[in-house]
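Note sheet for the following structure.
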Amino acid sequence: MSHDAPGLRPHAAAVDPSRHLIGLHDMPRERMLALLDRAQHFADGHDNRAALAGIAVCTLFFEPSTRTRLSFQLAAQRLGADVLNFDASTSSTSKGETARDTLKTIEAMGVHGFIVRAREDGAVAALAAEANPGTALINAGDGRSAHPTQGLLDMLTLRQAKGPDFPQLKVLIVGDVKHSRVARSDLHALRTLGTGEIRVCGPQALLPDDDTLRGCTVSHDFDAALEGVDVLMMLRLQRERMEEGRVSSLDDYHRDYGLTTERLARAAADAVVMHPGPMNRGVEITDEVADGPRSLVLRQVGNGVAVRMAVLEALLGHPR
Ligand code: CP
């Protein structure tokens, strides 16, 4: 079940990227690499328990989540923060309180970090524009716009698996790119890191018709698009954001765009498979591939904690 973030209007104005993390579109390459290096340090088992000592953060989620919410909680706890979890379904938003008033109320308790997931595009930037000067907001996914920490953890996972030479890589993103905030953040990050070739494949109705795919090789033929790719990024059909009729049947979708072991054989011999989760097994990916030796799905989940530690430390750590 989803919950609106009441009173939040989409907001296109830029917010200070040194205070907030809204998306990866404006993140310089040096900052991205520094965050990935720091995340790798945490992934290697180092910690920094004093970084957020005395700081309180709140997960403010207006849409469901398993991975993002829990890994942010764990990351904040590992940095020494106090963590509050806001549950939209049992909060005073159900009595009409706006998201802005919710933010202001929790800020008044002395909370300085907010990890926000919202259904509407631009809603996290809108909320960031309302925040006090000492507050940091991190976008944990807004509509179809951005999911920056997922983009960063995907780049960390890819770098671990394939090394840092992104210009040598052929990456294929498959499926419902139109409704995917993950794909948009991955595309920004892949371009920033200089990926050699970015291919995108899916049915016409599930590919964006704006400039999201600029510079990508676009195809509707999955078998052809697979030839020689090093990395496959599979996407779920995001039916919660989809108009009726965009997909005729799940069986047809699986036949045309489902990743099977047979299909995977068309990719490079050492190709790896990524998926941000949650997976719809039997639709975009079979059990055999999802649980197979080429799958990085659980490595992505583990890296989520390390990347979120790096982001929280950078935005909220001492000294600020
Ligand atoms: N990848 C991702 O955002 O998963 P959750 O919706 O479970 O957080």
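The values are calculated or read from the model by the stated rules, or taken from the named source; none is laboratory data. Computed from a prediction, not measured in an experiment: that's the story for all the values here. Note that each Cβ is placed from the backbone with ideal geometry, even for glycine, and that neighbours are counted across all protein chains shown. Calculation scope for accessible area: heavy atoms of the full protein, side chains included, ligands and nucleic acids excluded. Shrake-Rupley method; radii C 1.70, N 1.55, O 1.52, S 1.80 Å.
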Q | Candidate set: the range 165-203, residues that are of a type in the set (Lys, Arg) and either in contact with a Phe, Trp or Tyr (Cβ under 6 Å, 6 or more places away or on another chain) or closer than 18 Å to residue 226 by Cα (or both); chosen: the one surrounded by the most Cβ atoms within 10 Å (Cβ to Cβ) | A | 199
**Q.** Matching residues in the range 95-119 - criterion: being among the polar types (S, T, N, Q), assigned to a helix (DSSP H, G or I) and touching a residue at least 24 places away in the same chain (Cβ under 8 Å)
**A.** 102
(Q) For the structure I just gave you, tell me whether residue 258 is surrounded by fewer than 21 Cβ atoms within 10 Å (Cβ to Cβ) and either farther than 30 Å from residue 134 by Cβ or not hydroxyl-bearing (Ser, Thr, Tyr) (or both). (A) no
Q: Kindly provide the set of residues from the range 46-64 that are closer than 20 Å to residue 99 by Cα and either away from the ligand (no atom under 11 Å from the Cβ) or surrounded by 17 or more Cβ atoms within 10 Å (Cβ to Cβ) (or both), ordered by number.
A: 56, 57, 58, 59, 60, 61, 62, 63
(Q) When you check residue 120 against the structure, is it more than 24 Å from residue 305 (Cβ to Cβ), of a type in the set (Asp, Glu) and touching a helix residue (DSSP H, G or I) at 6+ places or on another chain (Cβ under 7 Å), yes or no? (A) no
Q: Could you list, in sequence order, all residues of the range 77-88 that are over 14 Å from residue 111 (Cα atoms) and open to solvent by 60 Å² or more (accessible area, probe 1.4 Å)?
A: 77, 78, 87
Q | Lone unmet requirement of (1) at pLDDT below 95; (2) over 26 Å from residue 166 (Cα atoms) for residue 210 | A | (2)
Q: Check 234, 242, 279 and return the single one that is closer than 30 Å to residue 115 by Cα and either free of Cβ contacts under 8 Å to residues at least 24 places away in the same chain or open to solvent by less than 10 Å² (accessible area, probe 1.4 Å) (or both).
A: 234
Q: Select from the range 39-92 the residues that are part of a strand (DSSP E or B) and of a type in the set (A, V, I, L, M, F, W, C) and list them in ascending order.
A: 56, 57, 58, 60, 61, 83, 84, 86
(Q) Here is a list: 297, 272, 289, 301. Which entry is under 18 Å from residue 163 (Cα atoms) and either touching a Lys or Arg at 6+ places or on another chain (Cβ under 9 Å) or exposed (fewer than 14 other Cβ atoms within 10 Å of the Cβ) (or both)? (A) 272
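Residues are listed down the side, and each one gets a yes or a no for (1) closer than 17 Å to residue 289 by Cα; (2) of a type in the set (Asp, Glu); (3) modelled with pLDDT of 95 or more; (4) out of contact with any Pro (no Cβ under 7 Å at 6 or more places or on another chain):
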| site | (1), (2), (3), (4) |
| --- | --- |
| 224 | no, no, yes, yes |
| 255 | yes, no, yes, yes |
| 262 | yes, yes, yes, yes |
| 266 | yes, no, yes, yes |
| 272 | yes, no, yes, yes |
